[in-house]
Amino acid sequence: MVLPSAASAPVTWPEGNTALIARRPVAEWAGVEALKLKHEGLNPTGSFKDRGMTVGVTQAVRIGATAVACASTGNTGASLAAYAALAGLPALVLVPAGKVAIGKLTQSLAYGARTLLVRGDFDDCLRLVREASEELGVYLLNSVNPFRIEGQKTIVLEMLEQLGWDAPDWIALPAGNLGNTAAFGKALREALALGLITRMPRLLAVQSDGAAPFAMSYREGFRVRHRVHANTIATAINIGAPASYQRAVQSIRETNGVVTAVSDAEIMEAKSVIDAAGVGCEPASAASVAGVRQHVRAGTIARDARVVCVLTGHVLKDPESLDRYHRGTEPPPARANRPIEIEPTVSAVAAVMRTLRAD
Ligand code: F0G
């Protein structure tokens, strides 16, 4: 009813059924007691993209596509590579050279996609893959493809089901190319229309200050569609000209939503709290929790509100985001952990133990 009917053989890993968890240290840091985390990093390729890719690649097979392609900041490419391999289809993945986290690049290569390092940013990659797929007859699987959006709706529907169809007050998510913001709004609209829920949760879409064209447009009542030169540590959302802008505006309007931006330092602080709780996520995912904290402090989100933050990607996706701390070139956020090199002696271990007790 809420998804396109499956082909005779859907291309599926399978995916979904991710955990909805509560972790006290994260809730305390954000300032909301009833905070839950929907961990989409627990999908087969480590991000929420698998939910859209199962539907998208199934559609590619149904229409007889001979090859599939996408532009990506890393996760879409990793997911496309896996599902194309599953379907036996050749895949092209275009990523911005030097700006993709190593875990994601490794996946795309390992799963066998032709991975093109484009000398440009994500926005260049998307423009290029759109032109190339039209000219060369390759099936495009970015979130401009409506089948991807249909699959990503299941994040929200599954979350609502896990909450016994008692909708939360807020759903917070990181926002980059805005496909997920579009999907969340559509899922909520349909859930309300079908009577699955009786009231509309508010969306909180969170960007990084260094890549915040959507937040800029929101502040101006969406009168202007902004484009920026993006630059954030959260490489997954390092996007200056989001493709799904129009549909995302509709999502924010229909849910009485809010769009905001947080600093890279706030993102990394939130990540350190999520990581230290034993949960872990990639930097972009932590933006959702940082955004909630910002809006609790601003008074937009009540401290007794029921909030779900979507963690979009796995902690192993982007290990180099912590490099600066580990190498000691920058002080880590309070809860981030640094390795300690020692001589192979018990006394060296004992010296470290003593500092643990002092903590
Ligand atoms: N979080 C993660 C981990 C992502 O990989 C992305 C997008 C987002 C959030 C934002 O979602 O684009 O729908 O607003 N990653 C895309 C990619 C752009 O190529 O992997 P969005």
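The values are calculated or read from the model by the stated rules, or taken from the named source; none is laboratory data. All figures in this text were calculated on a predicted structure; none of them were measured in a lab. Cβ atoms come from the backbone with ideal geometry, glycine included; neighbour counts cover every protein chain shown. Quick note on the areas: whole protein, heavy atoms, side chains included, nothing else; ligands and nucleic acids left out. Shrake-Rupley method; radii C 1.70, N 1.55, O 1.52, S 1.80 Å.
Between 251, 217, 288, find the one with the highest GNM mean-square fluctuation for the chain; connect C-alpha pairs within less than 10 Å. Of 251, 217, 288, the Gaussian network model singles out 217 as fluctuating most. With both residues required to sit in the chain, DSSP beta bridges show an antiparallel share near 10%. Coupling constants for region 341-353 follow from the phi torsions by the Karplus curve (6.51 cos²θ - 1.76 cosθ + 1.60, θ = phi - 60°), and in residue order they are 8, 9, 6, x, 10, 5, 5, 5, 5, 4, 4, 5, 4 Hz; glycine and proline get x.
Ignoring lysines fewer than eight residues from residue 153 along the same chain, the ones with Cα atoms less than 22 angstrom from its Cα are 36, 38, 49, 186.
Residue ranges 268-278, 230-240, 130-140, 337-347 sort as 230-240, 268-278, 130-140, 337-347 when ordered by packing (mean number of other C-beta atoms within 10 Å per residue, highest first).
For region 9-17, backbone phi angles converted through the Karplus equation (6.51, -1.76, 1.60; θ = phi - 60°) give residue-by-residue couplings of 10, x, 7, 9, 7, x, 10, x, 6 Hz, Gly and Pro being listed as x.
Where only protein heavy atoms count, and the probe is 1.4 Å, what is the accessible area per residue for region 192-268 in Å²? All intermediate terms of the calculation are to be shown ahead of the outcome.
Working: 3280 Å² over 77 residues.
I get 43 Å² per residue for region 192-268.
Taking every C-alpha pair closer than 8 Å and separated by at least 6 residues, the mean separation divided by the residue count of region 182-327 gives a relative contact order of 23 percent.
The 3J(HN,Hα) values that the Karplus relation (6.51, -1.76, 1.60; θ = phi - 60°) gives for region 22-32 are, in residue order, 10, 9, 3, x, 6, 4, 5, 4, 6, x, 10 Hz. Gly and Pro appear as x.
I'd like the carbon and sulfur percentage of the solvent accessible area for the chain, probe radius 1.4 Å, heavy atoms only, ligands and nucleic acids excluded. Don't skip to the end; give the middle numbers.
Numbers: 8340 of 15530 Å².
The nonpolar share, carbon plus sulfur, comes to 54 percent.
Counting Lys and Arg as +1 and Asp and Glu as -1, what is the net charge of the other residues whose Cβ lies under 14 Å from the Cβ of residue 123? It would help to have the intermediate numbers written out before the result.
Details: positive: 99, 119, 127, 130, 225, 227; negative: 121, 124, 131.
Counting the neighbours of residue 123, the net charge comes to +3.
Working from label points 7 Å from Cα in the Cα-to-Cβ sense, the residue 87 to residue 231 distance is 3.8 nm.
Stretched out straight at 0.36 nm per residue, the stretch from residue 124 to residue 161 would grow longer than its current Cα-Cα span by 9.5 nm. Taking the Cβ of residue 259 as the centre, find all other residues whose Cβ is under 12 Å away and add up their charges (Lys, Arg: +1; Asp, Glu: -1). Around residue 259, the surrounding residues sum to +2. Using a ≥ b ≥ c from the Cα gyration tensor of the chain (square roots of the eigenvalues), is it rounded, prolate or oblate, where a/c under 1.5 gives rounded and otherwise the larger of a/b and b/c decides, a/b for prolate? Judged from the Cα gyration tensor, the chain comes out oblate (a/c at least 1.5, b/c at or above a/b). Put 159, 216 in order of accessible area, highest first, and with a 1.4 Å probe you get 216, 159.
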